[in-house]
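The values are calculated or read from the model by the stated rules, or taken from the named source; none is laboratory data. These numbers come from a predicted model, not from an experiment. Cβ atoms come from the backbone with ideal geometry, glycine included; neighbour counts cover every protein chain shown.
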Amino acid sequence: MPSPNRLRAVTAAAILSSTSALAQNAPTISENALRGHLAFLADDLLEGRGTGQRGGDLAVRYLETQAQVIGLKPMPTGGYRQSVRFEGSKLMPDSAVTFRAGNSRIMPVPGKDIVFGTGSGKASLSFDAPLLFVGYGVKADEENWDDYKGVDVKGKILVMMVNDPQPTAEEPNRFAGKAYTYYGRWLYKFEEAARRGAAGALLIHTTPSASYPWSVPANGFSHERFHLKGPGNPIEGWLHEDMARELFLTAGFDLDVLRAQAERRDFRPVDLKVATHVELRSTIRQVEQFNVVGIVPGTDPKLKAQAVVYSAHWDHMGIDEGVNDGRDHIYNGAIDNASGTAALLAMAAEAVKRPARRTQVFLWPAAEEQGLLGAAAYVANPVIPLAQTAADLNLDSMNFAGRTKDIGVAGAERSSLYETSALVAKKMGLKLAPSIPDLSGAYFRADHFVFAKAGVPAFNVGSAVFSGDGHFEFEHHHDASSAKMIGFKQDYHQVTDEYRADWDLSGMVQQAQFTLNLGYAVANGATMPTWKKGEAFGRVKR
């Protein structure tokens, strides 16, 4: 074990290295450039930048054109497009799910009581399956937790709760305490059901457990959905809590009683004695979409083989095609995530003027809204090997309410990026926003998480928009600005997420500048960031 003097020397050297890197300032970002890109990307002309839609194609064309104009270098294979292939499915109106409990027959109304689709890749499905309640649907060896207990779930439709097992007085830190873990995410639960060969998975929605209202999954399943090709659930979707309560009661169970049982380690799956008939018709198509990648080569003969990645997904939910009833059907996605897309363009325009020692990769992933698919495709085929990727700094749903006195770095505490962030913030006259429990699972909901799963230190360089709690300290009109941030929850994944010319983008520029400054600190540092001791992602072999 190193001596205390040796440890102090190493720490001092690390701080000196970071300070030296910070002295090489990143260039200044233009608000006009950022605003111009944002206004265009969120315009009705781009039809919500939908995956597999014309608007998505327009967004990709705009990004690759801008990358070339800016002076970003293309990928070694040539060009700025990285192909992402997946399967699209859209539910047809004649699809239905029917539950039968004893002599009672329940037909939930799609969109109101239930939303569902298929991950099977099959255009037509007709089958019967029993319902099995599996609590949270979690198997976590490190938590000594198994909701399945060796029960064969093949051919069964799993009904499960969203979120994680909750902390108790005896175990206040189980599953990260009040914070979300990846086990709480809908994506994990669908994946686990598919791995076990289930006939499907239905998640019970509540706004507190999901951290968003019923309208979010309802809108998501009303659009075409995409997934990478591979084994998927024949049926997957969500049950409205009222529907789940009625269904359980009809079958002779109390939903709240079963929920309470599911908080215990000795919980075992419960056969609900409900027969389910599924008639599922979908349009299925193979889709090729594109990540856009541009590069600023490093200047150091050795370190240029390593890279810092900046990422921001370009896609949103697109347009309800074929609907012409006079209402707005374009999901413009101005904040989510034309803001991050535009910020990256403005950052890249400055980065090419002053390259860093390490290479800087600007990545606009596709299909984030479909389950981080574009980021997964990049991680599977990176332009710089993951072992040589120092960090991913992600921007998603940025601050549109004015400058702040602090900056959000939730997730940075998992690695040495936190200490570097503190140095960058101090140099900018900022402080780091106070750490709060990740109650919405924000760390697992954006593209950086795919990098983290692969062992690359990564986080979403955040604002209060992403957490939706407006807890940051604004320089001016604090209460009004916080209210705007909190109010975005009403626009999230709705047609009302539109660009407004009167937005104060000074905070968005500040956030982008901090991200670029942090990237330069990493790109010019003597060593690459490291995970904190005991951090699960640090054990991943890239």
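Tabulated results
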read-out	value
Count of segment 26-66 residues which are more than 24 Å from Leu373 (Cβ to Cβ), surrounded by fewer than 21 Cβ atoms within 10 Å (Cβ to Cβ) and not β-branched (Val, Ile, Thr)	12
Criterion: part of a loop (DSSP other than H, G, I, E, B), farther than 13 Å from Val309 by Cβ and either in contact (Cβ under 8 Å) with a residue 60 or more places away in the chain or over 19 Å from the mean Cα position of the chain (by Cα) (or both) - qualifying residue of Ala367, Ala377	Ala367
Filter result (of a type outside the set (Gly, Ala, Ser) and either surrounded by fewer than 24 Cβ atoms within 10 Å (Cβ to Cβ) or not in a loop (DSSP other than H, G, I, E, B) (or both)) within segment 383-399	Val383, Ile384, Pro385, Leu386, Gln388, Thr389, Asp392, Leu393, Asn394
Test: residue in segment 143-157 that is farther than 24 Å from Phe449 by Cβ and crowded, with 22+ Cβ neighbours inside 10 Å	yes
Residue match in segment 251-262 (condition: surrounded by 17 or more Cβ atoms within 10 Å (Cβ to Cβ), small (Gly, Ala, Ser) and over 28 Å from Asn144 (Cα atoms))	yes
Test result for Thr118, assigned by TED's automatic domain parsing to the domain that holds Pro208 and surrounded by 19 or more Cβ atoms within 10 Å (Cβ to Cβ)	yes
Residue count, segment 276-319 (criterion: in a loop (DSSP other than H, G, I, E, B) and over 30 Å from Ile157 (Cα atoms))	11
The listed residue being among the hydrophobic types (A, V, I, L, M, F, W, C), in contact with a helix residue (DSSP H, G or I) (Cβ under 8 Å, 6 or more places away or on another chain) and buried (at least 24 other Cβ atoms within 10 Å of the Cβ), out of Ala442, Ala412, Ala454	Ala412
Filter result (hydrophobic (A, V, I, L, M, F, W, C) and farther than 21 Å from Ala401 by Cβ) within segment 496-542	Leu518, Ala521, Val522, Ala523, Ala526, Met528, Trp531, Ala536, Phe537, Val540
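Residue-wise test of (1) of a type in the set (Ser, Thr, Tyr); (2) modelled with pLDDT under 95.
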{"site": "Ala33", "(1), (2)": "no, no"}
{"site": "Gly52", "(1), (2)": "no, yes"}
{"site": "Asp57", "(1), (2)": "no, no"}
{"site": "Arg85", "(1), (2)": "no, yes"}
{"site": "Gly102", "(1), (2)": "no, yes"}
{"site": "Arg105", "(1), (2)": "no, no"}
{"site": "Phe116", "(1), (2)": "no, no"}
{"site": "Ser124", "(1), (2)": "yes, no"}
